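Each value in this text was obtained by applying a stated rule to the coordinates, not by laboratory testing. Bear in mind that the values here come from a model prediction, so they are computed numbers and not experimental data. Counting neighbours? That spans all protein chains shown, and the Cβs are built from the backbone with ideal geometry, glycine included.
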Amino acid sequence: MSHTVKSGNLGYPRIGGQREWKKAIEAYWAGKLEEQQLHEQLTQIRLNNLQQQRDQGLEIIPVGDFTYYDHVLDMAVMFGLVPERFTYNGGEVPLDTYYAIARGNKEATASEMTKWYNTNYHYIVPELGARKPQLTVNRPLVAYREAKEKLGIEGRPVLIGLYSFLKLSKGFNEATEWDHWVSQLLPLYIQILKELIAEGTAWVQFDEPSLVTSVTNEDIARVKAIYEKIHREAPEISILLQTYFEAIDRYEDVVSLPVAGIGLDFIHGGDGNLAALRKFSFPRGKTLGAGVVDGRNIWRTDLYRQAELLQEILTLAPDADIVVQPSCSLLHVPVSAKQEQELDTVLHEALSFAEEKLDEIVALSKAVNQGIESVKSAFENNRIALDNLAKDPARNRANVSAAVQKISAEPAVRDSEFVVRRKKQKEKWHLPVLPTTTIGSFPQTAEVRSARQKWRKGEWSQEKYDSFIKEHIQKWISLQEEIGIDVLVHGEFERTDMVEFFGEKLPGFAFTKGGWVQSYGTRCVKPPVIYGDVDFDQPMTVKETEYAQSLTNKPVKGMLTGPITILNWSFVRSDLSREQVAYQIALALRKEVEALEQAGIEMIQVDEPALREGLPLKREDWNGYLDWSVKAFRITTSTVRDTTQIHTHMCYCEFHDIIDSIRALDADVISIETSRSHGELVHSFEEHTYDLGIGLGVYDIHSPRVPSVEEMTSMIDRALQVLDPELFWINPDCGLKTRGVEETVQSLKNMVLAASKYRAKE
Ligand code: GLN
Ligand code: ZN
């Protein structure tokens, strides 16, 4: 077979190998860098990224994917869509206005930020309002020119397609105003394309990830209208319509759109796209962007297997031009695995970050074009690395797989139903009506953080650090008693991060040195790596909790991060299903729950703030995910005595559409955030009854402001119109670790007063 394929990329991490992007922007915000210097530094990073991709041999290099904060915000400001609450007089949006939209300023609050599809990246939601869109600057053209002039690279400009852009935006009524906004924005897209044509640009990449969500007939008609118009007005430019994160929902409709190329994700969404390709084939003469290297995880690609997949794709689309590419932009993986030599060799060798993934893409395309012999050593090294990983004892703990197999076949249920437990718990605990508690953490002051640093660096001995932590626990136990809280917590002073803390103690986890990915704006996270079977080693939280309990007669609530949150905030091994990995974590945490119970801690909170984050993109897949997530939570929490009270916590209020699953967690008490949209949440309880213990956050912990007693009593009154006072708890919205000591104490005092006012009325 004499096929030739090309190698291509869809987007590159912007943060730089040492997070220099973040540092430069934050220095600018702090007034330590002039705007001109910021431009210079970011230009350097941008050009380095392009050069890197060229040096690695990529034939198709995206341009315009780089950003000063967020690529969705870039689209909005390119169109002059500055929310009306910010001063703006037309023309190119000044840098400080750009950052004000993202972060807020004295004048106005920031735009909303929300999750980018099913990733942990968050984008700034464009606000369509009264301002008429205009093309303030042709960003793709600027990026294209820069790459060409400075590096001689014929780049491929990237934009978010209009369909997805509107789906990601807010401030308009989709049912009645869709056509209006298309008529406003489509001419601007066409203008961009015409200017690119005049410049000699051959291809652009239009990202349309919304095509992988559930798409209706009306949606398809909208997409068709957009791309037919573009095709009529700017036929000289070739468009790669790029989808990712899932299989496309309407394969036949999408591949027959009048565009030159379609990019498909062959990694995510099961074998949905491949099955569609097998069934319906691919239109003659189009380009097929074959996403065969996972852009979402950090593992080496199985090159032999993906080379076979490519061969099948070539057979199924014999008349198409094929581009070998990642499944999505590499924005979601760290920059380079080279600096991870400190990891165990087997693990280090099995990692593939952005740079390594580009090598894989180039190797795969060579294998097709020149035969596998031409890249034999790359393929062989790859096979050996993956074999070693598969054989690694850490991945083959027989006890773990046996336990998971066993639990998969069994239900995970408490001894008695909630009504029975409730009665027994009432007798055991003698709590007042509307018991007060907190979510777990108390202020992580500079003092706490610097103590941890000293201990990590070895400047402080374990004993010194332990006694420092004890002092803090002691201080906060007495403060909580003074304030009059009913159910106390130890304060989580020993924890940096709620996932890292457990990952560091559970076999099966590893931590990279430079595995940073952008979460939002300049905030980067370094997710733990779940590379082996997760197992329980020894108690992780008993020491501190037991100590706290020894200081008081009030109950101290144990505090754990739940299995789904640990899973969703980590890079997960790809040889097992997420369900299986979740059960492994759940079983390890079950042992911790049992250890706490044994140590006399009989209220235990298992936080699941990230449950919702794992929801699949297609609605029809929700139940599958929710079923095993709920089961994982129950594996962790179901073996305790009836009198032991299981709490959980979630920090969001979109609740109504997953309320049955939340009910199914069967937690004795749930605390949830509400104060930022209290009305909405209370409303959802008008429609759905919730008959387990529940605490709605009575104040927003994101602000240093001390809420008044009245504010909180009015929240409580509203909530009690729809919820049973016998089941109601009083707590803040979330953990208090980012707050100051003074404001925390004052706010909690007011919270306790609010509860006692209610009790006095009884
Ligand atoms: N127990 C955790 C804390 O209080 C919960 C954090 C969270 O909800 N994200 O910090
Ligand atoms: Zn929370």
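Numbers below:
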{"quantity": "Cα-Cα over 18 Å, subset of Lys6/Lys357; Lys338/Lys526; Lys286/Lys357", "calculated": "Lys286/Lys357"}
{"quantity": "Hits among aspartates and glutamates - C-alpha to C-alpha of Lys618 under 12 Å, sequence gap 8 or more where chains match", "calculated": "Glu246, Asp249"}
{"quantity": "Inverse of mean 1/r across different Cα pairs in the range 401-479, Kirkwood, Å", "calculated": "17.4 Å"}
{"quantity": "Calculated P(r) tail over 16 Å for the range 576-666, as whole % of Cα pairs", "calculated": "55 percent"}
{"quantity": "R0 of 22 Å, Cβ-Cβ distance Ser714-Arg759: FRET efficiency to nearest 0.05", "calculated": "0.85"}
{"quantity": "Subset of Lys505/Lys737; Lys406/Lys737; Lys22/Lys170; Lys150/Lys229; Lys167/Lys737 violating a 30 Å alpha-carbon distance limit", "calculated": "Lys406/Lys737; Lys150/Lys229; Lys167/Lys737"}
{"quantity": "Aspartates and glutamates with Cα under 19 Å of Lys426, excluding same-chain neighbours fewer than 8 positions away", "calculated": "Asp415, Glu417, Asp486, Glu597, Glu602, Asp642, Asp666, Asp668, Asp691, Asp724, Glu726, Glu762"}
{"quantity": "Using a Förster distance of 56 Å, the FRET efficiency for Ala402-Thr445 (Cβ separation, nearest 0.05)", "calculated": "0.80"}
{"quantity": "Nearby aspartates and glutamates by direct alpha-carbon distance to Lys366 (threshold 14 angstrom, same-chain neighbours under 8 apart not counted)", "calculated": "Glu59, Glu308"}
{"quantity": "Estimated inter-spin distance, Glu380 and Gln462, nm [label 7 Å along Cα→Cβ]", "calculated": "4.6 nm"}
{"quantity": "Gln721 versus Asn89: modelled label distance in nm, points set 7 Å from Cα along the beta carbon direction", "calculated": "4.7 nm"}
{"quantity": "Extension reserve of the Lys505-Gln453 stretch, reckoned as 0.36 nm per residue once the Cα distance is removed", "calculated": "16.9 nm"}
{"quantity": "Rounded FRET efficiency, nearest 0.05, which uses the C-beta distance separating Glu481 from Gln538 and R0 of 41 Å", "calculated": "0.85"}
{"quantity": "Distance histogram in 5 Å bins (all Cα pairs of the range 440-503, percent per bin)", "calculated": "4, 17, 25, 24, 17, 8, 4, 1"}
{"quantity": "5 Å-binned pair-distance histogram of the range 609-741 (Cα, whole percent)", "calculated": "2, 9, 19, 22, 19, 15, 9, 4, 1, 0"}
{"quantity": "Bins of 5 Å, starting at 0 and running to the largest distance - Cα pair percent for the range 55-134", "calculated": "3, 14, 24, 23, 15, 9, 6, 4, 2, 1"}
{"quantity": "Protection proxy ranking of 254-264, 89-99 - average other beta-carbon atoms within 10 Å, highest first", "calculated": "254-264, 89-99"}
{"quantity": "Convex hull projection area averaged over all views, the range 112-225, Cα basis, nm²", "calculated": "8.4 nm²"}
{"quantity": "Alpha carbon convex hull of the range 425-583, projected area averaged over orientations, nm²", "calculated": "12.1 nm²"}
{"quantity": "Amide H partners (placed H, <5 Å) of Gln645, local residues excluded", "calculated": "Met603, Ile604"}
{"quantity": "Sorted peptide list for 166-172, 363-369, criterion being average Cβ within 10 angstrom, highest first", "calculated": "363-369, 166-172"}
{"quantity": "Glu742-Glu236 pseudo-label distance in nm [points 7 Å out on the Cα-to-Cβ vector]", "calculated": "6.6 nm"}
{"quantity": "Length released on extending from Ala221 to Arg103, taking residue separation times 0.36 nm less the Cα-Cα span", "calculated": "38.9 nm"}
{"quantity": "Cα coordinate range in the range 1-131, projected on the principal axes (Å, largest first)", "calculated": "62, 34, 30"}
{"quantity": "Globularity index of the chain, i.e. its alpha-carbon radius of gyration over 2.2 N^0.38 Å", "calculated": "0.99"}
{"quantity": "Charge context of Arg278, other residues only, Cβ under 12 angstrom, K/R +1, D/E -1", "calculated": "-1"}
{"quantity": "Length-normalised contact order of the chain in % [C-alpha pairs under 8 Å, at least 6 apart]", "calculated": "11 percent"}
{"quantity": "Cα Rg, Dmax, the range 673-762, angstrom units", "calculated": "12.9, 39"}
{"quantity": "Computed [θ] at 222 nm, helices only, for the chain once each DSSP H run of length n ≥ 4 contributes -39500 (n - 2.57)", "calculated": "-14000 deg cm²/dmol"}
{"quantity": "Total formal charge among the other residues, if their Cβ is under 10 angstrom from that of Glu112, Lys/Arg +1 and Asp/Glu -1", "calculated": "0"}
{"quantity": "Charge sum, other residues only, whose C-beta stays under 13 Å from Lys464's C-beta, Lys/Arg counted +1 and Asp/Glu -1", "calculated": "+1"}
{"quantity": "Length released on extending from Lys513 to His688, taking residue separation times 0.36 nm less the Cα-Cα span", "calculated": "58.4 nm"}
